[in-house]
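**Student:** Shown below is the structure under consideration.
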Amino acid sequence: MNKIASFTVNHLDLLTGVYVSRKDKVGQQVITTFDIRMTRPNFEPVLNTAEVHTIEHLGATFLRNDSEFKDKTIYFGPMGCRTGFYFLTRSLSDNYSINLIKEAFQFIADYWGVIPGASPKECGNCLDHNLPQAKEEAKAFLEIIKDWTKEDLKYPTAE
């Protein structure tokens, strides 16, 4: 069985940040998968499921409601390892995507109110949310990516 591309990234060298995981051409459009790495794999504690769940709800809601880019958002959701999120976009430049990720995490950091889609009718695990901790995680991540540019999107390589 072939190893999938994400398993070829050396997670021992991977730092927190935003990376282009892959670009796939589907018809005339390019689907870009961004690796939003909020904690350093195998070195820092992973995110707890409650704040991951809250970040997922708030991030997906924000991205799918952005008037300019909602139709270019395909997916925003957590990694199984709980060190971050994947964000898939359609035909959206890397620079726009970085700004959109920053805006999404600023929205999460500033958010107060009812978590969208967190009722028993809308969510399969509505009791597993933690808004205060999700906000703290978003603020910490924003500090890391505040000056992130297109040049920072490459996975780190061992020296």
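The values are calculated or read from the model by the stated rules, or taken from the named source; none is laboratory data. Quantities reported herein were computed from a predicted structural model and do not represent experimental measurements. Using ideal geometry, Cβ is built from the backbone for each residue, glycine included, and neighbour counts are taken over all protein chains shown. Keep in mind that these areas ignore ligands, DNA and RNA; they rest on the heavy atoms of the full protein, side chains included. Shrake-Rupley method; radii C 1.70, N 1.55, O 1.52, S 1.80 Å.
**Student:** Which residue fluctuates the most in the chain, going by a Gaussian network model with Cα springs under 10 Å, if the choices are 120, 41, 78?
**Tutor:** Result for the chain, Cα springs under 10 Å: 120 fluctuates most.
**Student:** For the chain, give the percent of accessible area contributed by carbon and sulfur heavy atoms, probe 1.4 Å, rounded to a whole number.
**Tutor:** Carbon and sulfur: 52 percent of the exposed surface of the chain.
**Student:** Hey, in the chain, which Cys have no second cysteine's beta-carbon closer than 4.7 Å?
**Tutor:** Lacking a cysteine Cβ partner under 4.7 Å: 81.
**Student:** Summing +1 for each Lys or Arg and -1 for each Asp or Glu, what net charge is found among the other residues whose Cβ lies under 12 Å from the Cβ of residue 82?
**Tutor:** -3
**Student:** Give the accessible surface of the chain per residue, rounded to a whole number of Å², with probe radius 1.4 Å and ligands, DNA and RNA excluded.
**Tutor:** Per residue, the chain has an accessible area of 57 Å².
**Student:** For residue 51, what charge total do you get from the other residues with a beta carbon under 15 Å from its beta carbon, if Lys and Arg give +1 and Asp and Glu give -1?
**Tutor:** In short, -2.
**Student:** Quick one: Debye curve from the C-alpha atoms of region 11-66, no solvent, what's log10 I(q)/I(0) at q = 0.14, 0.17, 0.29, 0.30 Å⁻¹?
**Tutor:** -0.55, -0.76, -1.11, -1.12
**Student:** Under 18 Å Cα to Cα from residue 72, which aspartates and glutamates show up? Leave out anything in the same chain fewer than 8 places away.
**Tutor:** Qualifying aspartates and glutamates at Cα under 18 Å: 24, 35, 56, 94, 103.
**Student:** Mean shadow of region 1-122, computed from the convex hull of its alpha carbons, in nm²?
**Tutor:** Answer in nm², one decimal: 9.4.
**Student:** When only alpha-carbon atoms count, how far does region 90-159 stretch along each of its three principal axes, as whole angstroms with the largest first?
**Tutor:** Extents along the principal axes, in whole Å: 47, 28, 24.
**Student:** Taking Rh as the Kirkwood radius computed over C-alpha pairs, what is the Stokes-Einstein D of region 42-103 at 25 °C in a medium of viscosity 0.890 mPa s, expressed in µm² per second? Let's see the in-between values first.
**Tutor:** On the way: Rh = 12.4 Å.
It diffuses with D of about 199 µm²/s by this estimate.
**Student:** For the full complex of protein chains and a 1.4 angstrom probe, list 62, 76 by accessible area with the highest value first.
**Tutor:** 62, 76
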